[in-house]
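Novice: Pasting a structure here, questions to come.
The values are calculated or read from the model by the stated rules, or taken from the named source; none is laboratory data. Source: prediction; values computed, not measured. Positions of Cβ are generated from backbone atoms using ideal geometry, with glycine treated the same way; all protein chains shown enter the neighbour counts.
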Amino acid sequence: MSQSSSCACRQPAAPDRYVSFKDIDCDGNARRIMDCIARHIAIPERNNAFWEYFMKKREGGTGPKPDDLFLIHCNINQVRELFETWDDQQALEWLMQLEEECC
């Protein structure tokens with residue numbers, strides 16, 4: 001009995017979902033966004049209880065320390081709102097790039 005080429009046993013394994021991230025510095029790009037956030041919230045009128053909590057989370061203050069990409073991804077709407085509120089077009093471009101390439 002011959003096996004058909006459409007047999008599941010002959011199909012290549014699904015590619016690693018992270019192959020598309022090859023040669024993209026997602027960690028570096030996430031650090032760049034975190035630097036933008038830190039720059040904004042260093043200005044007292046741009047900081048609030050949320051951003052204080054966010055930065056404590058970054059240090060692992062209430063649990064395991066998340067990586068920057070995960071933390072940004074989980075709070076992407078708040079990060080976007082911060083940059084939009086203060087009209088930081090460069091940070092918005094970098095955030096969009098990070099979201100499209102790495103999240």
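Novice: Restricting attention to region 19-73, which residues are in contact (Cβ under 8 Å) with a residue 12 or more places away in the chain and touching a His at 6+ places or on another chain (Cβ under 9 Å)? Give the steps one after another, and end with the answer.
Specialist: Quick first cut of region 19-73, residues in contact (Cβ under 8 Å) with a residue 12 or more places away in the chain only: 21, 24, 26-27, 29-34, 36-38, 40-41, 46, 50-51, 54-55, 57-58, 67-69, 71-73.
The answer is A30, R46, W51.
Novice: Return a yes/no flag: does region 61-83 have any residue that is under 17 Å from A42 (Cβ atoms), surrounded by fewer than 12 Cβ atoms within 10 Å (Cβ to Cβ) and either among the polar types (S, T, N, Q) or touching a Lys or Arg at 6+ places or on another chain (Cβ under 6 Å) (or both).
Specialist: No - not one qualifying residue is present in region 61-83.
Novice: Scan L95, L82 and give me the residue that is at pLDDT 95 or above and under 13 Å from N29 (Cβ atoms).
Specialist: L95
Novice: Shifting gears a bit: Can you pull out the helices (runs of 4 or more DSSP H) entirely within region 24-99 that have at least 1 residues that are small (G, A, S)?
Specialist: On the way: elements: 26-41, 49-58, 68-74, 76-85.
In region 24-99, 26-41, 49-58 are the helices (runs of 4 or more DSSP H) which contain 1 or more residues that are small (G, A, S).
Novice: Among (1) charged (D, E, K, R); (2) surrounded by 12 or more Cβ atoms within 10 Å (Cβ to Cβ); (3) at pLDDT below 95, which single condition is E100 missing?
Specialist: So E100 meets the others, but not (2).
Novice: Cβ contacts < 8 Å: first residue over 14 Å from Q78 (Cβ atoms), restricted to region 90-102; second residue not in a helix (DSSP H, G or I) and not aromatic (F, W, Y), any location; separation 6+ or different chain. Result?
Specialist: Qualifying pairs under 8 Å: E101/I24; C102/I24.
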